[in-house]
Amino acid sequence: MKIAIMGAGGIGGYFGGRLAKAGEDVIFIARGAHLQAMRERGLTVRSVLGDFSLPKVPATDNPAEVGVVDLVLVCVKAYDTDAAAQAIRPMVGDMTAVISLQNGVDSADRLVAAVGSGPVLGGLCQISSAVAEPGVIEQVSQFARVVLGELDGRITPRAEGILAAFQKAGIDTTLSTNILKDIWIKFLFIATHGSMTAATRSPIGPIRETPATWEMYVDAMREIDAVARAKGIDLGPGAVENWLEFARGMAAGIKSSMLVDVERGNPLEVETFSGTVIRLGRELGVPTPVHRCLYAILKVEDTRNRARRAAEQAVPA
């Protein structure tokens with residue numbers, strides 16, 4: 001299977017690396033120092049599930065030179081989705097499947113707007129990984145899972161083919177008949193966990209141990225559950241408590257990708273997380289005071305980081 005990884009960071013680098021190691025024809029689309037390192041030294045993955053290195057990997061910053069592929073995995077940060085959706089169009093043919101493994105609940109809709117409904121499946125992943133240094137991915141969670149499925153819930157040969165390729169690569173993968181619900185269930189956790197860890201600049205341990213922040217964590221999750229239900233998406237009676245139990249069992253030092261972005265001075269997925277909760281809450285008449293607070297805190301950080309990055313990019317090399 002010819003697979004293009006649109007965004008070779010913590011998610012794309014890890015899952016793309018696993019697929020390439022298993023013999024799939026994978027090309028990585030990246031930029032900057034990370035791209036240069038992959039071109040010169042290949043890709044290294046340091047993982048609690050097993051380290052490996054790929055001395056040579058095809059890598060480019062120009063999707064148009066790749067040609068039509070069988071599968072595009074969109075793994076860029078959510079704020080880059082619209083640009084990525086336009087960029088992948090030259091790689092999408094009549095038989096191409098396109099899957100987002102991004103955070104958020106509207107990535108599939110944004111991909112459909114760019115490439116049509118035919119190619120797009122729904123997808124999500126559960127993993128803690130990041131670019132440790134150019135050309136090196138570090139994956140620290142005991143889990144690295146993918147869930148995918150047709151947007152209409154059908155089990156199709158193309159979905160089964162993608163499932164088989166992922167499983168052959170040793171990736172814990174599930175084929176879903178209700179991927180939209182699954183995406184919202186993940187959002188229930190990641191929008192809470194990412195925003196809370198980023199706003200407090202703390203991994204999960206201290207948040208759990210501090211009654212005020214743990215209460216805020218619980219309330220943030222309940223707000224998302226209320227918004228989903230108002231939108232007609234029933235996450236099930238135990239969705240909130242299941243994620244809270246998961247959070248209670250996480251290693252104390254686990255950081256979200258959003259916290260890593262805060263620490264590195266990167267742009268933040270604040271619009272994707274709390275911003276989406278607030279917007280939908282307003283549309284549906286659901287109060288979201290905790291997410292309004294988280295958004296206000298993180299928007300200041302995001303604005304500052306974006307301004308600094310723009311200034312750095314404006315300076316001649």
The correct count of residues that are in contact with a helix residue (DSSP H, G or I) (Cβ under 7 Å, 6 or more places away or on another chain) and open to solvent by 10 Å² or more (accessible area, probe 1.4 Å) in the stretch 192-233 is 16
With respect to D70, determine if the residue is over 28 Å from V260 (Cβ atoms), surrounded by fewer than 21 Cβ atoms within 10 Å (Cβ to Cβ) and of a type outside the set (A, V, I, L, M).
-> yes
From V26, V45, grab the single residue that is in contact with a Lys or Arg (Cβ under 9 Å, 6 or more places away or on another chain), free of Cβ contacts under 8 Å to residues at least 60 places away in the same chain, in a strand (DSSP E or B) and open to solvent by less than 60 Å² (accessible area, probe 1.4 Å).
-> V26
Any chance you could count how many residues in the stretch 241-271 are open to solvent by less than 20 Å² (accessible area, probe 1.4 Å), in a helix (DSSP H, G or I) and among the β-branched types (V, I, T)?
-> 1
Cβ pairs under 6 Å, 6+ apart or interchain, first in the stretch 191-214 and within 28 Å of D106 (Cβ to Cβ), second of a type in the set (A, V, I, L, M, F, W, C) and open to solvent by 60 Å² or more (accessible area, probe 1.4 Å), ordered by first then second residue, are A199/I297
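For (1) under 24 Å from D25 (Cβ atoms); (2) surrounded by fewer than 21 Cβ atoms within 10 Å (Cβ to Cβ); (3) touching a helix residue (DSSP H, G or I) at 6+ places or on another chain (Cβ under 6 Å), each residue gets a yes or a no:
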{"position": "A132", "(1), (2), (3)": "no, yes, no"}
{"position": "S141", "(1), (2), (3)": "no, yes, no"}
{"position": "A144", "(1), (2), (3)": "yes, no, no"}
{"position": "G149", "(1), (2), (3)": "yes, no, yes"}
{"position": "G153", "(1), (2), (3)": "no, yes, no"}
{"position": "T156", "(1), (2), (3)": "yes, yes, no"}
{"position": "G161", "(1), (2), (3)": "yes, yes, no"}
{"position": "I171", "(1), (2), (3)": "yes, yes, yes"}
{"position": "L175", "(1), (2), (3)": "yes, yes, yes"}
Kindly check whether there is at least one residue in the stretch 291-307 that is exposed (fewer than 15 other Cβ atoms within 10 Å of the Cβ), among the acidic types (D, E) and more than 16 Å from the chain's Cα centre (by Cα).
-> no
Checked the stretch 106-126 for anything open to solvent by 10 Å² or more (accessible area, probe 1.4 Å), touching a Leu at 6+ places or on another chain (Cβ under 9 Å) and of a type in the set (V, I, T); matches are V112
Scanning the stretch 286-309 residue by residue, the ones that are of a type in the set (S, T, N, Q) and closer than 10 Å to P267 by Cα total 2
Please identify the pairs in which a residue from the stretch 239-258 that is free of Cβ contacts under 8 Å to residues at least 40 places away in the same chain and under 11 Å from G205 (Cβ atoms) has its Cβ atom under 9 Å from the Cβ atom of a residue that is part of a loop (DSSP other than H, G, I, E, B) and open to solvent by 60 Å² or more (accessible area, probe 1.4 Å), counting only partners at least 6 apart or on another chain.
-> none
Which numbered condition K77 misses (of (1) touching a strand residue (DSSP E or B) at 6+ places or on another chain (Cβ under 9 Å); (2) within 18 Å of S129 (Cα to Cα)) | (1)
Among what's in the stretch 106-116 and is part of a helix (DSSP H, G or I) and not aliphatic (A, V, I, L, M), pick the residue that is nearest to F273 (Cα to Cα).
-> S107
Within the stretch 77-105, the residues that are open to solvent by 10 Å² or more (accessible area, probe 1.4 Å) and not in a loop (DSSP other than H, G, I, E, B) are Y79, D80, D82, A83, Q86, A87, R89, P90
Within the group G149, G122, G161, which residue is farther than 29 Å from A33 by Cα, more than 15 Å from the chain's Cα centre (by Cα), at pLDDT 95 or above and part of a strand (DSSP E or B)?
-> G149
Output for Cβ contacts, cut-off 6 Å, separation at least six or different chains, first residue closer than 28 Å to F52 by Cβ in the stretch 160-183, second surrounded by 19 or more Cβ atoms within 10 Å (Cβ to Cβ) and of a type in the set (F, W, Y), reads T173/F166
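The values are calculated or read from the model by the stated rules, or taken from the named source; none is laboratory data. Remember, predicted model here, so these are calculated numbers, not experimental data. Virtual Cβ from ideal backbone geometry, glycine too; neighbours counted across all protein chains shown. Please note that ligands, DNA and RNA were not included when accessible areas were found on the heavy atoms of the full protein model with its side chains. Shrake-Rupley method; radii C 1.70, N 1.55, O 1.52, S 1.80 Å.
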